[in-house]
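*Asks:* Questions regarding the structure given below will be posed in turn.
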Amino acid sequence: MRFVSALSFIKYLVPITFFFLSFVLYTHASCGDFITEYDYGEGLVEERDPIVDCNNPFNADDPVPFTYAVTINGQTVTANSIISVPEAELVSGSFSIDKPNNFTFNPLQIFKHEGDDYRQVATVHANNFELAPLSEGEYVAVLLYELPILQSSAEPLWKQWIKAVFLPLTAYAFYPDYTEVVAIPFTVEYESPVPTGASSVLFLPGIMGSRLYEEGEFCEKSNSERQLWFSFNKCQQLRLTTNFIGQSTNQVYTKFGAEGILDEAVGLNLYKSFIKKLKEMKDNELIDDYVAFSYDWRGRLDDIIKSNYRIGTDDIFLGESETIKDGLLYKTLSDLAERSDNGKVTVVAHSNGGLVIKQLISNLQYSNDPLLNKIDNVILVAVPQIGSPKAALGILHGDDLDPVMPQSVVRRLMNTMPFSRHLLPVTSYFDSVETPLIIFEAGEATNGWIETYGENISSRDELYQFLSKDSGRVKPDFEDLEAPETVDNFLFDYAETTEIVQKNFAPSEGMKVYQIGGTGLETISSLTYFSDRECVSRTLFICNEYQPKISYRINMTIDGDETVTVPSALTLATGDKVERWWLNL
């Protein structure tokens, strides 16, 4: 009876066993297979071994028992990293491990995840290796480190045999008693093709190169929009005034594009021919597109790069954005680069515009902003990078812009406008130019200044002291243009901060800077104050009494372009990323 029962059991053993085996294999096959290819002399043969653990196909240890370093095309492979490779090209790499040499490890295996399967695509035996082209997809780098087998801790042989029959394992799923396994998943993507073709151009004008507007009822006119600059109206010009901290006292704005750029005035071709040339270059596909970017030139550089549309209007105000990336300049550069054929934008900046773009780039470098990689060229045209003596003249005595703007109005506006401070000569200007900025000739009216400053002013701090309302000088009347003006100290701190940013400027990787300086035209180099006299009592045509009076003369150099001297325009040291160009005007 027992024998019959045994026969009955054996009768059902085979189908039950095969059913169980099929069930086991089906269960494991649902995880996918490890796919390897071998050459037994008759061509490649594909072999499949079922994956045992769907959640941990390679039986990887957790926590990681050791580390190894792998690079592919110079990029370190880490968990879930993305590795960029060129399409259909060989890749190279390196491999190292922190385990001692007296232990053995299998070659590094690289698998590609294909659906549910993992296909072995490479085996690395050396520290430096070269692989066949990798296609895009998900990969796993697997390293097995063999430990000494301790029989006492190993599974019994019968158990190993049962597993070998019913749960055939691949070489990549060793028992934990025998190996340590580290698997690093990563993704391969093709490198983006290097864009070719024309780039775009953004043009930044200089001081007074953008039209400024205000809407309202002022200067005896009705409530409407009027252009404050460019304007011949003195009342409207004075609406451009800023307060002692450099903020606009009125709601002044500019406009985007052609409405904002002052391309010509009183018959003078300012930027008209240049913008026309940009249009021709676009039409001839030498560039992809261009934007002449207008801005409120009165303001601080850090406010200019945050300019933006006021909500609900087409009007662009200073400092309207909270961050640089929200600013209109950043967005315009990004848009030009994105739409260009080569993914790049070239910046052409004149005068103050050069300081604006340098300020923007320097700020973006703090966060390594991706926009930096999209600016390929920066062309600085007559940019006062370390200041201009003309700014000092404008603050002290104004600048004669007749017939457009009276000298007295120029001086009044420059008294508090931030641009007048960041255009002043900085420390490096005094270090590089031998001629003192301000010279005092001995005389009854100037001897007091000589006692304070010596025979000249040849440093930034002395210049600030001389300009300051705390200098002891009397503030002159509005129309007294012979006596030098005094200013509030507040904006000097801003100027010092800006000086540091401009001084530390350096082009980013992949960016080239071209400096262009003009020479051959008479340009202000310094001021000389001397003691003159004026009549204070007169009988008919005869002066009965004189008193000493301060007067000044402007000293010129031909080493400039009428506004900026060459040392300031070409201050950046030349190198792989920086070039200097002179133009004999």
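The numbers here are math on the coordinates, done by the rules we state, and not lab data. In this text, all values refer to a predicted model and were calculated from it rather than measured experimentally. Note: ideal-geometry Cβ built from the backbone for every residue, glycine included; neighbour counts use all protein chains shown.
*Asks:* Taking each full run of DSSP H in the chain as one helix, which ones are at least 24 Å long along their axis (Cα atoms) and have mean Kyte-Doolittle hydropathy of at least 0.5?
*Replies:* 2-29
*Asks:* Which of the three applies to segment 472-532, rounded, prolate or oblate, going by the alpha-carbon gyration tensor with a ≥ b ≥ c and a/c under 1.5 meaning rounded?
*Replies:* oblate
*Asks:* About its Cα centre, what dipole magnitude does the chain give when the only charges are +1 on Lys and Arg Cβ and -1 on Asp and Glu Cβ, stated in debye to the nearest 20?
*Replies:* The dipole magnitude comes to about 660 debye.
*Asks:* To the nearest 20 debye, what is the magnitude of the charge dipole of segment 200-381 about its Cα centre, counting +1 on the Cβ of each Lys and Arg and -1 on the Cβ of each Asp and Glu?
*Replies:* 480 debye
*Asks:* Residue farthest toward the positive end of the dipole of the chain, with Cβ of Lys/Arg at +1 and Asp/Glu at -1: which of 352, 384, 486?
*Replies:* Among 352, 384, 486, the one farthest towards the positive end of the dipole of the chain is 486.
*Asks:* Continuing with the same structure: Name the residues of segment 205-245 whose amide N is less than 14 Å from a point 7 angstrom out from the Cα of residue 401 along the C-beta direction?
*Replies:* From segment 205-245, the list is 206-213, 227-242.
*Asks:* For segment 245-312, what is the largest minus smallest coordinate of the Cα atoms on each principal axis, given in angstrom and ordered from greatest to least?
*Replies:* 45, 29, 24
*Asks:* A further question on this structure: Along the positive direction of the dipole of the chain (beta-carbon charges: Lys, Arg +1; Asp, Glu -1; about the Cα centre), which of 408, 558, 428 reaches farthest?
*Replies:* Projecting each Cα onto the dipole axis, the largest value belongs to 408.
*Asks:* Still on this structure, please answer the following. Which three extents, in whole angstrom, do the alpha-carbon atoms of the chain cover along their principal axes, largest first?
*Replies:* 157, 54, 43
*Asks:* Let me ask something else. Of 390/577; 255/577; 112/325; 112/331; 272/306; 221/549, which ones are farther than 32 Å apart at the Cα?
*Replies:* Where the Cα-Cα span goes over 32 Å, the pairs concerned are 255/577; 112/325; 112/331; 221/549.
*Asks:* Here is a further query. Could you tell me which GluC sites (Glu not before Pro) in segment 238-347 are loop residues by DSSP with no more than 11 other beta carbons within 10 angstrom of their beta carbon?
*Replies:* Those that pass, being in a loop and sparsely packed, are 285, 322.
*Asks:* Ok, one more. First check a/c for segment 186-339, with a ≥ b ≥ c the square roots of the eigenvalues of its C-alpha gyration tensor; if it is under 1.5, answer rounded, and if not, answer prolate when a/b is larger than b/c or oblate otherwise.
*Replies:* Note, shape of segment 186-339 comes out oblate.
*Asks:* What does the charge dipole of segment 263-303 about its Cα centre add up to, to the nearest 20 debye, if the Cβ of each Lys and Arg holds +1 and the Cβ of each Asp and Glu holds -1?
*Replies:* That gives segment 263-303 a dipole magnitude of about 220 debye.
*Asks:* Okay, next question. Rank by packing, highest mean first: peptides 135-146, 352-363, with packing defined as the count of other Cβ atoms within 10 Å averaged across residues.
*Replies:* Going from most to least packed, we get 352-363, 135-146.
*Asks:* Taking the Cα centre of the chain as the origin and placing charges on Cβ (Lys, Arg +1; Asp, Glu -1), which of 144, 207, 76 is farthest toward the positive end of the dipole?
*Replies:* 207
*Asks:* Okay, moving on. Using R₀ = 35 Å, calculate the FRET efficiency as 1/(1 + (r/R₀)^6) where r is the Cβ-Cβ separation of residue 504 and residue 87; round to 0.05.
*Replies:* The pair residue 504/residue 87 has a calculated efficiency of 0.30.
*Asks:* Tally Lys/Arg at +1 and Asp/Glu at -1 over every other residue whose Cβ is under 15 Å from the Cβ of residue 199; what's the total?
*Replies:* Around residue 199, the surrounding residues sum to -2.
*Asks:* Report, in deg cm²/dmol and to the nearest 500, the calculated mean residue ellipticity at 222 nm for the chain, where each DSSP H run with n ≥ 4 adds -39500 (n - 2.57) and the sum is divided by the residue count.
*Replies:* -7500 deg cm²/dmol
*Asks:* Find the centroid of the Cα atoms in segment 416-495 and in segment 517-585, then give the distance between the two in whole Å.
*Replies:* Using only Cα atoms to place each centre, the spacing works out to 14 Å.
*Asks:* By the scheme Lys and Arg +1, Asp and Glu -1, what is the net charge of all other residues having a beta-carbon under 11 Å from that of residue 386?
*Replies:* 0
*Asks:* Please report the net charge: other residues with Cβ closer than 11 Å to the Cβ of residue 373, K and R +1, D and E -1.
*Replies:* Local charge sum for residue 373: -1.
*Asks:* With θ set to phi - 60°, apply the Karplus curve 6.51 cos²θ - 1.76 cosθ + 1.60 along segment 253-265 and write out the HN-Hα couplings as whole Hz, x wherever there is a Gly or Pro.
*Replies:* With the stated coefficients, segment 253-265 comes to 8, 10, 10, 7, x, 4, 5, x, 7, 8, 7, 8, 7 Hz.
*Asks:* From the square roots a ≥ b ≥ c of the eigenvalues of the alpha-carbon gyration tensor of segment 396-454, which class results: rounded (a/c under 1.5), prolate (a/b over b/c), or oblate?
*Replies:* Judged from the Cα gyration tensor, segment 396-454 comes out oblate (a/c at least 1.5, b/c at or above a/b).
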